[in-house]
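A.B. asks: Below is a structure I'd like to ask you about.
The values are calculated or read from the model by the stated rules, or taken from the named source; none is laboratory data. This structure is a prediction, so every number in the text was calculated from the model and none was measured. Heads up, the Cβs are rebuilt from the backbone with ideal geometry, glycines too, and the neighbour counts pull from every protein chain shown.
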Amino acid sequence: MAALRGIFIAHHEEGRDKGLAQPLEIAIALSRQSLARATDADERGTLQNDLATALQTLGERESGTERLEQAVTAYRVALKEWTRERVPLEWAMTQMNLGNALAILGERESGTERLEQAVTAFRAALKERTRDRVPLNWAGTQGNLANVEIAYFEKTGDPTHLTAARTHAEAALEVFTEAGATQYIGMAENILARITALETS
């Protein structure tokens, strides 16, 4: 499995970084091929998460939602293998990934059901991605929650969602600043600037 996964990673990174569809298609095929040979829950969890990530990367670039739907399904299957009781941080990472895929779907769809599901996934991730345990991961999840609340506001016009978004973004910025994580500080500041623009528009 290690050799095939190495090839998967190379193709996924090439497709992601260069904006190419074909390497991602190959990565997806490799994941499916490897899954047929997986022998235990760790392998199946890893490969399902890999498959979902490649599907999500490709789905983000496509106008439709089929690949993103497939990614959501694959993440949910991964969660059955990477259980919270057995591998809590892998479980939390997959919840985070699931939340990201659902959030993208939610932004593309007219209702808010997918956004609600994204919030549920992010909050689940926070049960293990605590501020004390993995502060940068906790802050990253706070940033994702802020973005979902912004999407809620844009669909509903309810200002309470902007208030919630600001709370999440400020929490993320505080942790990133404490850690001196420059690349993430800018991300949190951009979210806060977006919130301010929406508040004053």
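A.B. asks: Give me the pairs, please: first residue somewhere in region 52-74 and closer than 19 Å to Ser34 by Cα, second residue anywhere and of a type in the set (Phe, Trp, Tyr), beta-carbon distance under 7 Å, and either six or more positions apart or on two chains.
C.D. replies: Ala52/Tyr75
A.B. asks: Something else about it: Considering each residue of region 148-201, count those that are assigned to a helix (DSSP H, G or I), acidic (Asp, Glu) and either touching a strand residue (DSSP E or B) at 6+ places or on another chain (Cβ under 7 Å) or closer than 24 Å to Gln117 by Cβ (or both), and give that number.
C.D. replies: Number of matching residues: 2.
A.B. asks: Also, I was wondering about something else. Going residue by residue through region 23-44, is there one that turns out to be of a type in the set (Asp, Glu), under 16 Å from the mean Cα position of the chain (by Cα) and modelled with pLDDT of 90 or more?
C.D. replies: no
A.B. asks: Now for a separate question. What is the one condition in (1) within 13 Å of the chain's Cα centre (by Cα); (2) farther than 23 Å from Trp138 by Cα; (3) not hydrophobic (A, V, I, L, M, F, W, C) that Ser63 does not satisfy?
C.D. replies: (1)
A.B. asks: Looking at region 178-201, I want the residues that are more than 18 Å from Ile150 (Cα to Cα) and have a partner that is hydroxyl-bearing (Ser, Thr, Tyr) and surrounded by fewer than 16 Cβ atoms within 10 Å (Cβ to Cβ) with Cβ atoms under 7 Å, at least 6 apart or on another chain. Which pairs are those?
C.D. replies: Ile185/Thr177
For (1) buried (at least 19 other Cβ atoms within 10 Å of the Cβ); (2) over 28 Å from Gly19 (Cα atoms), each residue gets a yes or a no:
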position	(1), (2)
Arg37	no, yes
Asp40	no, yes
Gly45	yes, no
Ala54	yes, no
Ser63	no, no
Ala71	yes, no
Tyr75	yes, no
Arg84	no, yes
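A.B. asks: Moving on to the next point. Quick one: what pairs do we get from region 157-172, first residue touching a residue at least 24 places away in the same chain (Cβ under 8 Å), second β-branched (Val, Ile, Thr) and in a helix (DSSP H, G or I), C-beta under 7 Å, 6+ apart or different chains?
C.D. replies: Pairs found: Leu162/Ile195; Ala165/Ile150; Ala165/Ile195; Arg166/Ile195; Ala169/Ile191; Ala169/Ile195.
A.B. asks: Looking at region 79-95, can you tell me whether even one residue there is more than 25 Å from Glu66 (Cβ to Cβ), among the polar types (S, T, N, Q), in contact (Cβ under 8 Å) with a residue 40 or more places away in the chain and not in a loop (DSSP other than H, G, I, E, B)?
C.D. replies: For region 79-95, residues more than 25 Å from Glu66 (Cβ to Cβ), among the polar types (S, T, N, Q), in contact (Cβ under 8 Å) with a residue 40 or more places away in the chain and not in a loop (DSSP other than H, G, I, E, B): absent.
A.B. asks: Only one residue in Asn137, Asn97 is over 22 Å from Val77 (Cβ atoms), surrounded by 20 or more Cβ atoms within 10 Å (Cβ to Cβ), within 12 Å of the chain's Cα centre (by Cα) and of a type outside the set (Ser, Thr, Tyr). Which one?
C.D. replies: When all the criteria are applied, what remains is Asn137.
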